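> Just dropping this structure here.
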Amino acid sequence: NKAETLPLAAQRNIACVGHSPDGHLAILIDEDGDALLVSLISKAVLHRFHFHARVHSISFSPDGRKFVVSKNNVVLMYHAPGKSREFNPFVLDKTYFGPYDETTCIDWTDDSK
């Protein structure tokens with residue numbers, strides 16, 4: 001058993017953490033909605049993104065192709081960044097409306113639906 005601290009800094013306290021199923025990427029989101037895409041292999045920040053609101057939860061799909069972020073009463077589905085270089089790794093796929101209150105938790109089925 002060992003622990004390791006990532007050598008990076010955020011402007012505020014980290015509120016949500018999501019990591020890819022293969023263990024190569026992590027997304028750290030602070031209290032203001034600023035996100036850091038971090039490579040867990042090189043331990044470097046690959047991209048920064050701002051969600052413009054407080055994010056309550058983040059979750060990668062079991063197959064690692066998509067990730068979902070919940071903020072306020074909206075759920076946003078993004079394509080997960082791949083192993084190839086991309087200009088913008090946060091590409092919005094779908095937006096889900098419907099809840100009248102804040103969505104605080106997200107879970108995926110085993111088949112990533």
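> Does a label point 7 Å from the Cα of ASN72, set along Cα-to-beta-carbon, have any residues of segment 25-41 with amide nitrogen under 16 Å, and which are they?
Only 32-34 pass the distance filter.
> Under 1.5 on a/c is rounded, so check that first for segment 58-113, then, if it is not, pick prolate when a/b is larger than b/c and oblate when it is not; a ≥ b ≥ c are the square roots of the alpha carbon gyration tensor eigenvalues.
oblate
> Can you tell me which of 70-80, 11-21 comes out highest on packing, and rank the rest after it, using the mean Cβ neighbours within 10 Å?
Ranking, from highest mean packing down: 70-80, 11-21.
> Kindly flag which residue pairs out of LYS71/LYS94; LYS2/LYS43; LYS43/LYS113; LYS43/LYS94 have an alpha-carbon separation exceeding 20 Å in this structure.
LYS43/LYS113; LYS43/LYS94
> Quick one: go through segment 37-81 and flag any residue whose amide nitrogen is under 12 Å from the point 7 Å out along the Cα-to-Cβ line of HIS24.
Label zone hits: 39-42, 64-65, 81.
> Continuing with the same structure: Work out the length of the dipole vector of the chain about its Cα centre, built from +1 on the beta-carbon of each Lys and Arg and -1 on the beta-carbon of each Asp and Glu, and round it to the nearest 20 debye.
Dipole magnitude for the chain comes out near 340 debye.
> Further question: Which sequence of LYS94, LYS43 reflects their accessible areas, 1.4 Å probe, from the largest down?
Greatest to least solvent exposure: LYS94, LYS43.
> By accessible area of protein heavy atoms, probe 1.4 Å, what ranking do GLU4, GLU31, GLU102 get, highest first?
Descending order: GLU4, GLU102, GLU31.
> Under a 5 Å amide H to amide H cut-off, with H placed in plane at 1.01 Å, what residues pair with ASP34 once short-range neighbours are removed?
Distant-sequence amide H within range of ASP34: PHE51.
> Then there is this: So between TRP108 and ARG12, what do we pick up on full extension, going 0.36 nm a residue minus the alpha carbon distance?
Computed gain between TRP108 and ARG12 is 31.7 nm.
The values are calculated or read from the model by the stated rules, or taken from the named source; none is laboratory data. Only a predicted model underlies this, so the values are computations on that prediction, with no experimental measurement involved. So basically every Cβ, Gly included, is an ideal-geometry build from the backbone, and we count neighbours across all protein chains shown. The area values use the complete protein model at the heavy-atom level, side chains included, leaving out ligands, DNA and RNA. Shrake-Rupley method; radii C 1.70, N 1.55, O 1.52, S 1.80 Å.
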